[in-house]
Amino acid sequence: MKSITLLGATGSVGLRTLDMVSSFPEEFSVAGIAARGSNVERVADMCKKYSPRAVALLETDARDQLARLLPSPRPELLAGPEGLVALARDVKADIVVSALVGGAGLLPTMAAIQAGRTVALANKETLVMAGRLMTAEARTRGVKLLPVDSEHSAVFQCLHGHRRADVHRILLTASGGPFRETPKARLASVTVEDALQHPTWKMGAKITIDSATLMNKGLEVIEAHWLFDVPADRIEVLIHPQSIVHSMVELKDGSTIAQLGVTDMRLPIQYAFSYPDRWDAAIPTLDLTRSAALEFASPDLDRFPCLRLAYQALNVGGTMMVALNAANEVAVDAFLAGRLPFPAISRVIDGTMAAHDVQDPATVEIVRAADQWAREHARTLAGELELKV
């Protein structure tokens with residue numbers, strides 16, 4: 001039986017991971033659970049069902065709430081960023097699932113790698129912020145980084161049995177989000193509710209907004225660069241509204257290998273856990289005879305400048321990717337709170353990147369300092385743009 005520590009248990013990936021654990025009770029146990037703490041009752045239910053040895057909540061006050069909800073003997077309760085790091089580092093587990101949203105996943109994911117634990121990676125922001133440090137540390141420790149994002153899992157599967165030297169391009173597919181056909185002039189008036197209506201995937205609010213701006217695909221381009229050691233000019237994004245082809249790899253002889261499947265995150269999660277084996281899945285299989293025609297198109301970088309900014313940050317390198325990610329998180333939060341119009345998300349990111357003094361991200365401390373600066377600058381820009389809502 002393999003033991004799992006789950007970082008981000010109450011998010012969409014976390015919940016589906018626990019569904020998978022329930023589907024394979026003889027294969028997996030839950031060693032640790034981490035969450036932000038906004039849904040303490042759900043965490044308490046998880047503790048009663050899965051009996052983890054330890055629980056870490058990012059919000060310190062939530063630990064006391066959880067203690068009141070759990071009878072003795074209860075798991076070890078940790079809190080704050082240091083609690084998440086301790087959970088990932090000190091609680092013995094075969095696999096650490098990194099599924100926290102945003103920069104909060106950086107330190108605990110690095111701690112898991114440094115502890116020598118296999119990491120199933122669903123937190124793309126950690127590689128965007130510190131991809132060079134993460135991948136170097138993983139190589140040094142002999143740690144596997146197994147992608148959980150459907151696109152990167154698809155690329156991972158397509159690459160199996162092929163040499164990296166034979167790869168010509170990676171083709172990441174994107175649904176196009178809810179505004180795929182929305183004229184640019186109308187984007188200024190779209191609401192939060194409009195942006196949260198993703199056409200094919202059910203995800204958390206932050207990643208759903210990122211999908212609406214195509215920033216999610218930009219972050220995935222950067223993640224693919226670090227995971228598969230492919231330069232930016234050989235990673236291409238294709239709009240694919242049906243979300244059946246999860247991504248493709250084009251080899252140097254012109255052959256293109258694609259991974260297809262239903263739109264269900266349990267598939268890439270299960271493959272990360274079963275790798276290199278494949279198990280029967282408790283989800284429907286893909287029936288191509290009932291599928292719509294498969295369409296592909298190039299993204300419109302004029303309507304969706306966030307994708308262009310992500311490529312720009314990757315090409316500049318260094319801490320520019322940290323600034324990109326931090327500014328995006330601030331701008332998305334402001335949009336979700338109703339303080340920014342939709343197009344201002346990209347303007348906050350662009351302005352933050354333009355003002356950023358790029359450094360070599362040689363240490364985690366440099367990454368964290370750049371992240372803090374970018375968040376403060378982005379909040380200032382968001383405040384200025386807020387007057388124009």
For this session: Only residues that are of a type in the set (S, T, N, Q) and closer than 15 Å to Leu214 by Cα: list them for the stretch 307-356, please.
Result: Gln312, Asn325, Asn328, Ser346
Exercise. Tell me, which residue of the stretch 349-389 that is within 28 Å of Met110 (Cα to Cα), part of a helix (DSSP H, G or I) and among the β-branched types (Val, Ile, Thr) is most open to solvent (accessible area, probe 1.4 Å)?
Worked result: Ile366
For this session: Could you tell me whether any residue of the stretch 187-210 is basic (Lys, Arg) and surrounded by 18 or more Cβ atoms within 10 Å (Cβ to Cβ)?
Result: yes
Problem set entry | Scan of the stretch 337-389 for residues that are polar (S, T, N, Q) and either under 30 Å from Glu137 (Cβ atoms) or touching a Pro at 6+ places or on another chain (Cβ under 8 Å) (or both), ordered by number | Ser346, Thr352, Gln359, Thr363, Gln372
For this session: Kindly indicate whether Arg42 is open to solvent by 30 Å² or more (accessible area, probe 1.4 Å), modelled with pLDDT of 90 or more, among the basic types (Lys, Arg) and in a loop (DSSP other than H, G, I, E, B).
Result: no
Exercise. What residue, among those in the stretch 141-186 that are touching a Gly at 6+ places or on another chain (Cβ under 9 Å), modelled with pLDDT of 95 or more and outside any loop (DSSP other than H, G, I, E, B), is surrounded by the most Cβ atoms within 10 Å (Cβ to Cβ)?
Worked result: Ala154
Exercise. All but one of (1) open to solvent by 50 Å² or more (accessible area, probe 1.4 Å); (2) touching a Phe, Trp or Tyr at 6+ places or on another chain (Cβ under 9 Å) hold for Val30; which doesn't?
Worked result: (1)
Problem set entry | Unmet criterion (only one of (1) over 22 Å from Ser243 (Cα atoms); (2) charged (D, E, K, R); (3) without any contact (Cβ under 8 Å) to a residue 60 or more places away in the chain) for Arg290 | (1)
Seminar exercise, completed: Only one of (1) touching a residue at least 60 places away in the same chain (Cβ under 8 Å); (2) surrounded by fewer than 24 Cβ atoms within 10 Å (Cβ to Cβ) does not apply to Ala326, and that is (2)
Problem set entry | Members of the stretch 70-102 found to be open to solvent by 70 Å² or more (accessible area, probe 1.4 Å), without any contact (Cβ under 8 Å) to a residue 40 or more places away in the chain and over 29 Å from Asn325 (Cβ atoms), listed by number | Pro71, Ser72, Pro73, Arg74, Glu76
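The values are calculated or read from the model by the stated rules, or taken from the named source; none is laboratory data. All values reported here derive from a predicted model rather than from experimental measurement. Ideal geometry is used to build each Cβ from the backbone, glycine not excepted, and the neighbour counts take in all protein chains shown. What goes into the accessible areas is simple: the full protein's heavy atoms, side chains included, and nothing from ligands, DNA or RNA. Shrake-Rupley method; radii C 1.70, N 1.55, O 1.52, S 1.80 Å.
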